[in-house]
Amino acid sequence: MNILVVNGPNLNFLGKRNIKIYGDETLDELMVWLETSAEGKSHSFKFYQSNHEGVIIDIIQDESLWADGIIINPGALGHYSYAIRDALDSVSIPSIEVHISNIKKRENFRKKSVLKGVCIGQFYGKGKLGYLKALKKLIGYKSI
């Protein structure tokens, strides 16, 4: 499978930002870990990170012919970006939303996801394992 992994705002600061919540690994380290995992080794990945909503939409659209599945950690954009929701819905590629922290146990505004309804799954509060769970779910979904 071709797996598109899109990371949103502030994820470029993993390993620096609020380590008690997000951990001490950088985004690059996390993506290498995912790609070289037992599950990831037999798949192709493209990794992107942007702090800009429009760039994330462009990535989703531009990679839609290549990607068989999308793992997206939209960061805070997952709580209010109907534009990203529409982009995911328009490409008709199975997508899974990931959040490193437990969004249900944080501030009220973080508890809502506008992407949830267009994704085949959502993982939160699992740290980096959320990405691996998302990958496994995509693999299982595509093999049905």
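The values are calculated or read from the model by the stated rules, or taken from the named source; none is laboratory data. Keep in mind it's a predicted model, so treat the numbers as computed, not measured. Glycine gets a Cβ as well: all are built from the backbone with ideal geometry, and neighbour counts include every protein chain shown. The accessibility values were calculated without ligands, DNA or RNA, using every heavy atom of the protein model including side chains. Shrake-Rupley method; radii C 1.70, N 1.55, O 1.52, S 1.80 Å.
If I ask for residues that are surrounded by 14 or more Cβ atoms within 10 Å (Cβ to Cβ) and either among the β-branched types (Val, Ile, Thr) or free of Cβ contacts under 8 Å to residues at least 40 places away in the same chain (or both), which ones from the stretch 90-101 would you list?
If we filter the stretch 90-101 for residues that are surrounded by 14 or more Cβ atoms within 10 Å (Cβ to Cβ), which is where we start, we get 91, 93-101.
The answer is VAL91, ILE93, SER95, ILE96, GLU97, VAL98, HIS99, ILE100.
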- prompt: Is at least one residue of the stretch 84-101 of a type in the set (D, E, K, R), at pLDDT below 95 and out of contact with any His (no Cβ under 6 Å at 6 or more places or on another chain)?
  reply: no
field: Matching residues in the stretch 24-38 - criterion: being assigned to a loop (DSSP other than H, G, I, E, B) and open to solvent by less than 40 Å² (accessible area, probe 1.4 Å)
entry: SER37
task: Report, by residue number, each residue of the stretch 108-144 that is open to solvent by 90 Å² or more (accessible area, probe 1.4 Å) and of a type in the set (Gly, Ala, Ser).
output: SER143
- prompt: Out of the residues in the stretch 1-23 that are among the polar types (S, T, N, Q) and either within 22 Å of ILE139 (Cα to Cα) or in a strand (DSSP E or B) (or both), which is most open to solvent (accessible area, probe 1.4 Å)?
  reply: ASN2
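Being open to solvent by 70 Å² or more (accessible area, probe 1.4 Å) and modelled with pLDDT under 95 narrows it down to one of LYS41, LYS105, so name that one. Write out each step before concluding.
Values: LYS41 fails: modelled with pLDDT under 95.
Of LYS41, LYS105, the one residue that is open to solvent by 70 Å² or more (accessible area, probe 1.4 Å) and modelled with pLDDT under 95 is LYS105.
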statement: When restricted to ILE57, ILE70, the only residue surrounded by 18 or more Cβ atoms within 10 Å (Cβ to Cβ), hydrophobic (A, V, I, L, M, F, W, C), touching a residue at least 24 places away in the same chain (Cβ under 8 Å) and in a helix (DSSP H, G or I) is ILE57
